[in-house]
Amino acid sequence: MKTIRLLAATVVLPWLLPVVAGEPASEPANAPLFETVQLEQAGDAGVHTYRIPAMTVAVDGTIVIAIDARNHSGDDLPGDIDILIRRSSDNGRSWSPAQRVVDFKDGTGGGDGSLLTDRETGRIFLFYAYAPPGVGVFNSSADRDPASLTTQHPHLLWSDDHGRSWQGPRNLIAQIKPQGAHGMFATSGHGIQLSAHAPAHGRLLQPFAWLDGKRAMHAGNAWSDDHGATWQMGPSIGSGLDENKAVELDDGRVLQNIRAFRKGNRRLVAVSRDGGIHFDAAAPEPALVDPRNNADIIRVHPDAAPGSREARMLLFSNTAHPTKRMDLTVRLSCDAGRTWPVVKRLLPGPAMYSTMARLADGSFGILYENGNARGISFARFNLAWLGASC
């Protein structure tokens, strides 16, 4: 594997004790840990812009990431956009060369990747938006025909060898595109699988956003109870919503953390009591300032017992500024998202999307659009780096 040179600002602390993949990981050492590595930068390999970080951890502990390679401009679809996969088997210290797993020709593009690991089967899913030439989310038709050239399509690849090779694509448009929806796309970053403690244990959830005929954006989850053999789309959480992430709470409820569509400078949150399908109305979260940007939320201890202190701990990352995409920040909640008392700025200045994962050794990875928002970086940290705990 190709080793990536750590940046000069990297802080490398003593190695942590290894753990066996699949077993509960102990917390990292008490000393603060923060390492960072730049993976892609504008112009590398002739690519104009790298955007849209997605990340998951395979059942063997391998980190698998997906990135948009926006070949000729930084614009969203439509356009010549490919998706790259990279892997790390040492908690992000070194990375495989980029593998293009989505690479269309003649003006067709595929982007906005999101990764989801089924911990029971080991299969990894890669959702992305397929766009025929000239078609983007805002000029898509309401077509639900897999052969349509007038709308974006939700595509799906899958890997059964921890991200080394990929099969597909499957076109899910006839299964999951809501009636009357126009453009739709999977929220970039990652989906989740509900734990053994949840009422709908083992369910796979992939957040989506879609535009209706009145140009209002909606949010909701595609879900599968048969390990991805079939998918269904839950009803809209509401309009005026955008990219969103799901997280399982300590009592089995699902919390959706949502980007506002056209107005507002706070994250929106909604709660589901039936495994991420139907939700209460979304409401602003006063503590989470946001400039209408993609963000992420994850459990600190994914397999913690219900009701335990560990099960209530959440991490949230976003550009914590009311109007500008800047000041990438990580927050810790000790009470299932009711309050966010621990705040640490990871990157001052410009930044955009971010996504997180708990790594095999118990530390955390964050993949993010770096300072000039035209490249991708990865950082590894532990709770001690945050400066406080629960």
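The values are calculated or read from the model by the stated rules, or taken from the named source; none is laboratory data. Keep in mind it's a predicted model, so treat the numbers as computed, not measured. Heads up, the Cβs are rebuilt from the backbone with ideal geometry, glycines too, and the neighbour counts pull from every protein chain shown. To get the accessible areas, we keep the full protein, side chains included, count just its heavy atoms, and leave off ligands, DNA and RNA. Shrake-Rupley method; radii C 1.70, N 1.55, O 1.52, S 1.80 Å.
Values as computed for the structure displayed
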| quantity | calculated |
| --- | --- |
| Amide N of segment 274-309 lying under 12 Å from the label point, which is placed 7 angstrom from the Cα of ASP212 along Cα→Cβ | none |
| The chain: calculated mean residue ellipticity at 222 nm from DSSP helix runs of at least 4, using -39500 (n - 2.57) | -500 deg cm²/dmol |
| Phi-based couplings in Hz for segment 90-97 (Karplus 6.51, -1.76, 1.60; Gly and Pro marked x) | 10, 6, x, 6, 9, 9, 5, x |
| Distance between segment 341-389 and segment 65-90 - C-alpha centres, whole angstrom | 20 Å |
| CYS390 accessible area, 1.4 Å probe, all protein chains in place, Å² to nearest 10 | 50 Å² |
| Within the accessible area of the chain (1.4 Å probe), percent carbon and sulfur | 53 percent |
| Residues THR230 and HIS48, FRET efficiency given R0 of 45 Å [Cβ-Cβ distance, rounded to 0.05] | 0.75 |
| Backbone N within segment 235-257 under 15 Å of label point (7 Å from LYS263 Cα along the Cβ vector) | 239-241 |
| Accessible area per residue in Å² at 1.4 Å probe, computed on the chain | 37 Å² |
| Length added when fully stretched, GLN99-ASP75, from 0.36 nm per residue minus Cα-Cα | 6.5 nm |
| Most to least accessible of PHE381, PHE185 (protein chains only, probe 1.4 Å) | PHE185, PHE381 |
| Around PRO154: net Lys/Arg minus Asp/Glu count, Cβ-Cβ under 15 Å | -1 |
| Sequence-distant residues sharing a close amide H with THR151 (under 5 Å, placed H) | SER141 |
